[in-house]
Amino acid sequence: MNTMILGVFLLGLSAVKNLINISFNELLSLLSRVFEAIYGHEHDFQEMAQTVFWLESHGHSGTNKLIEKLPELEAIKNIYLPAPSIMKEVITIDCLGASLFANASLICDLAFSEAENNGIAKVIITNAKDSYALLGYLGSVCNKSLSSYLLTDKLSAFISPGSRYPLIYSASSCKKIELTCSKNKSLIDMSFIEGLDPEIDESKQKSFYELALKNGLSISTLNYEKLNLIADRILVPSTDASRLGAGE
Amino acid sequence: MAEFKPLTNDTNLPMRSPNIVMDLPRLGSLYPYPLSFMRCLLRRVMNEMWKINGTIFNLDEEGFGEVVYEITTPNAVYSYVIFSKKLPDSKRSDRVIAEDWDMTVTLCEGQIDQNRLEFLRSNVPLQEKGRVDSKCLVLSRANKSMRNFEYVIDCLSNGKQPDLDRIAKVGYIFRTTAVYGSGKFGMSDWDNLRNKCIDFAKPFSAEMFSCFMIRHFSLELANWVAKGRSPDTSVELDDGIKRYIGIGNATGLGMAPYLIKHPMLIANWIEVRETSLARIIQYKSPDNDSLGKLECLIMKAAQHLDEISTDNLEQNELNKRAVHEVNECLKWIKAKSETLVNWQELINHASHNYRVETQELINAILTEVYAKFILDLESELNIDENYRMQPMMKLNKLKSLIEKNYKWALKYDFTKSSSTETFWYRSEEKQEPRLGKKSIDTGIEKEMMMCIARDVRSCFDEICDIEDSNTSITVAHFAFSRPHLRYIIRRIQTMGLTQYGEIVANLLDADVLPIHLLRCKLSFFGVGKFDPRSKKWVRNTMFQGAPLVSDIGNEYNDTWCFPIRPKCSEKPN
């Protein structure tokens, strides 16, 4: 039994050691094709790719998170969110169990829009999965005029206007997901993180990003192959006739 | 959101309208000009006197083996590594789906040791099937021109120079079929390259340099193989002929999606070009000196076009007409030389009397006359692309943007089947882009997003469905329940801030001519001598007329545009 456990451990270790170095451009392109394969043109697959790319390139294991969720994403594809309920500065969105990989951009942009109009907007997101996708979108979009504060059961985060690097704190006990955006940071209730040091600060993410830009991103070969298998679904089988489609 | 800044604050410049400039057939008629990427690169190489030396030259008598050139710039050292192999004729193909090549190459940072060479040897010849690393900047390959390679070697072996008539027909000995950069196959990302390798921090500079080096090696190889075959009787290629030999290129549909995926970049390059022209018109006037230069360049351009050899009847006709018209233009200029007070008169005359091809030829020539006056615009060629949603924009503003900037898209009738007969898709063979016909080909469910016009139309129609009283809602609200429109909305918003906007074309039309897209991009590279092989791919020649590596260190005048047949041993331009 111990030998078996050791064998499995060693197998796992060698599997983990099987890494491939890919460039930013390669990962972004791959992720775009993956999301295009899953969602077609019904969603903005490029933005979804940017979200996961941001997570991966800033040290938040975006591809691992995506790989974990792939079966669910495939199963629950085209959920269109019902109209949000908007009461003054509070917006409530029921995601009907869908992943925020697909909807992070819609929700964040709505929050930005309302916050610009009203000075502040608080979005309460219910029945949603994969809340870190919000982090990925907020980081990648880098809103120049608003502060953003995210509270989830996975993490909390604060992003200053124009920053690419959120300050990441521990998870809250909050069952829902809350995103608050404001032109004025002092209007946001950040009592949960008050007095806390971030678990991941700007410098860690910046260093990770810069090193990855220089050397490439290391992702597991297994994950790389899984993603490519999905991405290849957008390719059309080649025939003699189709070869003529490139010109002879 | 990208910080836009106008390319120029000079509101006096008579910039041409996007309606004129962005028309696809006109874009497909553009000629190279002083700010084309090859020209920018070579100015740098020559002015900074880069040192390019062969440090490893392990070739057998037939030219098969490995070569490393070390390139020393004022800022860094690079290596250009070449693997040359024997390839059966039956395996030689220009298609991107080819599996084997006469020569495979890479441009790398730093010097090469044996370990590094071993790593490259294991991967570079595999091309797309290999993996390189972030010290590699470019990965490419080239095949021999069967017509010219053996002919040139044969001549040199027998102590003769090759006949220029023969060289003129195909102006190269080797032809590239793909030049990869920007992070493909593990290579350095563009952002990394432009931060670390300042020597190649301009668009496609590293890729152009790779082509320049293939040209250099092809010339050295010709001498080497000739000497190997006939050590006692062989001669080396005359320098004048060497300068006339460029590097061939085969460009197909693979290039086309780039222009649609990077509209900000394309619009920027076009704006730089148009700014060059507008500046000349606004601030320069015809005088004896400029008229003299113009005359010489027109004659040179006419000769250049006259010398182009292509089997494509349509291209031949285009070239002939351009030669005729540009000669007519020269007569007009000579007749008007005493009274021509500004260059706008010339532009107006061209636009009223000559075809688009000639108009753009004259524009290109004018930029050559005043090349030094526009060189500072080279620094404007880089741009950071960012297509972010502006969620706060009101819907009625978005609608106005479409009506103002996409009027052309709203004119197409997408209910007609011919308007959507073509679809673009990626093949499982190396993801090669291909065109399909809806009525006969399979794969439309996997079509690429290449029709901006149709998607703008869809977005506009959905906006029109909203009651007027609701159009003051924000785009964020509108897109919330229409996620399929997000990408086109952010594109419309972003391109609305550019001066030139989108390429005006319906790329799904039954009669679409993708070759215009290819020629447009190739003109920015600096490529000429187009030899269309079909509507979908074109052979062309790069660096013909360009200085040689042996010319580095000599005075450099940057006048190798419109290359013409030399007299032997002509001095460099």
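The values are calculated or read from the model by the stated rules, or taken from the named source; none is laboratory data. None of the values given here were measured: they were computed from a predicted structure. Cβ coordinates were reconstructed from backbone atoms using ideal geometry, including for glycine residues, and neighbour counts include every protein chain displayed. The protein model used for the area step is the full one, side chains on, heavy atoms only, and it has no ligands, DNA or RNA in it. Shrake-Rupley method; radii C 1.70, N 1.55, O 1.52, S 1.80 Å.
Restricting attention to the range B:238-294, and to residues there that are charged (D, E, K, R), outside any helix (DSSP H, G or I) and out of contact with any helix residue (DSSP H, G or I) (no Cβ under 9 Å at 6 or more places or on another chain), which single residue is farthest from B:Ala168 (Cα to Cα)?
Here is the first cut: in the range B:238-294, the ones charged (D, E, K, R) are B:238-239, B:242-243, B:261, B:271, B:273-274, B:279, B:284, B:287, B:289, B:293.
With outside any helix (DSSP H, G or I) added as a condition, the list becomes B:238, B:284, B:287.
Filter once more, keeping what is out of contact with any helix residue (DSSP H, G or I) (no Cβ under 9 Å at 6 or more places or on another chain): B:238, B:287.
Values: B:Asp238: 15, B:Asp287: 35 Å.
In this case the residue turns out to be B:Asp287.
Screening B:Asp465 on (1) under 28 Å from A:Ala104 (Cα atoms); (2) touching a residue at least 24 places away in the same chain (Cβ under 8 Å); (3) among the charged types (D, E, K, R) shows it passes everything except condition (2).
Of B:Leu305, B:Leu318, B:Leu313, which residue is under 20 Å from B:Thr559 (Cα atoms) and among the aliphatic types (A, V, I, L, M)? The unique qualifying residue is B:Leu305. Restricting attention to the range B:384-394, the residues that are buried (at least 21 other Cβ atoms within 10 Å of the Cβ) and hydrophobic (A, V, I, L, M, F, W, C) total 1.
Within this structure, B:Val96 passes the test of being on the phi < 0 side of the Ramachandran plot and under 26 Å from the mean Cα position of the chain (by Cα).
Residue-wise test of (1) open to solvent by 40 Å² or more (accessible area, probe 1.4 Å); (2) within 30 Å of B:Ala453 (Cβ to Cβ); (3) of a type in the set (Phe, Trp, Tyr); (4) out of contact with any Leu (no Cβ under 6 Å at 6 or more places or on another chain).
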{"residue": "B:Tyr487", "(1), (2), (3), (4)": "no, yes, yes, yes"}
{"residue": "B:Val512", "(1), (2), (3), (4)": "no, yes, no, yes"}
{"residue": "B:Leu518", "(1), (2), (3), (4)": "no, yes, no, yes"}
{"residue": "B:Phe530", "(1), (2), (3), (4)": "no, yes, yes, yes"}
{"residue": "B:Trp537", "(1), (2), (3), (4)": "yes, yes, yes, yes"}
{"residue": "B:Tyr556", "(1), (2), (3), (4)": "no, no, yes, yes"}
{"residue": "B:Cys561", "(1), (2), (3), (4)": "no, no, no, yes"}
{"residue": "B:Arg565", "(1), (2), (3), (4)": "yes, no, no, no"}
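Let me confirm something: among A:Leu167, A:Leu229, which residue is among the hydrophobic types (A, V, I, L, M, F, W, C) and within 13 Å of chain B (Cβ to nearest Cβ)?
Working: A:Leu167 fails: within 13 Å of chain B (Cβ to nearest Cβ).
Only one candidate passes the filter, namely A:Leu229.
May I ask you to verify whether B:Glu328 is assigned to a helix (DSSP H, G or I) and open to solvent by less than 60 Å² (accessible area, probe 1.4 Å)? It is false that B:Glu328 is assigned to a helix (DSSP H, G or I) and open to solvent by less than 60 Å² (accessible area, probe 1.4 Å).
Yes or no, residue by residue, for (1) in contact with a Pro (Cβ under 9 Å, 6 or more places away or on another chain); (2) farther than 30 Å from B:Ile347 by Cα; (3) of a type in the set (Lys, Arg):
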residue	(1), (2), (3)
B:Ser234	no, yes, no
B:Gly248	no, yes, no
B:Gly254	yes, yes, no
B:Ile260	no, no, no
B:Ala278	yes, no, no
B:Asp289	no, no, no
B:Met299	no, no, no
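A:Tyr209 meets each of the listed conditions (1) surrounded by fewer than 17 Cβ atoms within 10 Å (Cβ to Cβ); (2) modelled with pLDDT of 95 or more; (3) under 18 Å from the mean Cα position of the chain (by Cα) apart from (1).
Quick check on the range B:205-237: of everything there that is touching a helix residue (DSSP H, G or I) at 6+ places or on another chain (Cβ under 9 Å) and assigned to a loop (DSSP other than H, G, I, E, B), which residue is least open to solvent (accessible area, probe 1.4 Å)? This residue is B:Leu237. Can you name the residue in the range B:188-204 that is in a loop (DSSP other than H, G, I, E, B) and within 14 Å of chain A (Cβ to nearest Cβ) and is also farthest from A:Phe24 (Cα to Cα) among such residues? Within the range B:188-204, the match that is farthest from A:Phe24 (Cα to Cα) is B:Cys197. Among the residues that make up the range B:370-391, is at least one of them within 25 Å of the chain's Cα centre (by Cα), within 14 Å of chain A (Cβ to nearest Cβ) and not charged (D, E, K, R)? Checked against the condition, which is being within 25 Å of the chain's Cα centre (by Cα), within 14 Å of chain A (Cβ to nearest Cβ) and not charged (D, E, K, R), the range B:370-391 yields at least one hit.
Here is a yes/no grid of residues against (1) buried (at least 17 other Cβ atoms within 10 Å of the Cβ); (2) at pLDDT 95 or above; (3) β-branched (Val, Ile, Thr); (4) within 30 Å of B:Leu435 (Cβ to Cβ):
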{"site": "B:Met255", "(1), (2), (3), (4)": "yes, no, no, yes"}
{"site": "B:Arg273", "(1), (2), (3), (4)": "yes, yes, no, yes"}
{"site": "B:Leu297", "(1), (2), (3), (4)": "yes, yes, no, no"}
{"site": "B:Ala301", "(1), (2), (3), (4)": "yes, yes, no, no"}
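One residue alone among A:Thr239, A:Thr221 is among the polar types (S, T, N, Q) and in contact (Cβ under 8 Å) with a residue 40 or more places away in the chain, and that residue is A:Thr221. In the set B:Leu485, B:Leu517, B:Leu522, B:Leu508, only one residue is of a type in the set (A, V, I, L, M) and at the interface with chain A (Cβ under 9 Å from one of its Cβ atoms); that residue is B:Leu485.
The condition of being open to solvent by 50 Å² or more (accessible area, probe 1.4 Å), within 13 Å of chain B (Cβ to nearest Cβ) and assigned to a helix (DSSP H, G or I) holds for only one of A:Asn117, A:Asn78, that being A:Asn117.
Is it true that some residue in the range B:406-427 is in contact (Cβ under 8 Å) with a residue 40 or more places away in the chain, open to solvent by 30 Å² or more (accessible area, probe 1.4 Å) and at the interface with chain A (Cβ under 9 Å from one of its Cβ atoms)? No: the range B:406-427 contains no residue that is in contact (Cβ under 8 Å) with a residue 40 or more places away in the chain, open to solvent by 30 Å² or more (accessible area, probe 1.4 Å) and at the interface with chain A (Cβ under 9 Å from one of its Cβ atoms).
I'd like the full set of residues that are open to solvent by 40 Å² or more (accessible area, probe 1.4 Å) and away from chain B (no Cβ under 14 Å), limited to the range A:81-103. The answer is A:Met87, A:Lys88, A:Glu89, A:Val90. Of all residue pairs spaced 6 or more apart or on separate chains, those with beta-carbon atoms under 9 Å, a first member in the range B:440-456 that is within 7 Å of another protein chain (Cβ to nearest Cβ) and a second member that is open to solvent by 60 Å² or more (accessible area, probe 1.4 Å) and of a type in the set (Lys, Arg) are B:Lys446/A:Arg233; B:Met449/B:Lys261.
Just one of (1) under 24 Å from A:Glu199 (Cα atoms); (2) more than 17 Å from the chain's Cα centre (by Cα); (3) open to solvent by less than 10 Å² (accessible area, probe 1.4 Å) fails for A:Gly162. It is (3). Among the residues of the range A:30-75, just one is open to solvent by 60 Å² or more (accessible area, probe 1.4 Å), within 10 Å of chain B (Cβ to nearest Cβ) and among the charged types (D, E, K, R), namely A:Glu42. Here the range B:369-383 is the region considered, the condition is being open to solvent by 20 Å² or more (accessible area, probe 1.4 Å) and touching a helix residue (DSSP H, G or I) at 6+ places or on another chain (Cβ under 7 Å), and the residue that is modelled with the lowest pLDDT is B:Ile383.
Considering the range B:457-480, and only residues there that are open to solvent by 60 Å² or more (accessible area, probe 1.4 Å) and of a type in the set (Gly, Ala, Ser), the residue that is farthest from the other protein chains (Cβ to nearest Cβ) turns out to be B:Ser469.
Among the residues making up the range B:30-49, a single one is assigned to a loop (DSSP other than H, G, I, E, B), of a type outside the set (Asp, Glu) and surrounded by fewer than 22 Cβ atoms within 10 Å (Cβ to Cβ): B:Met49.
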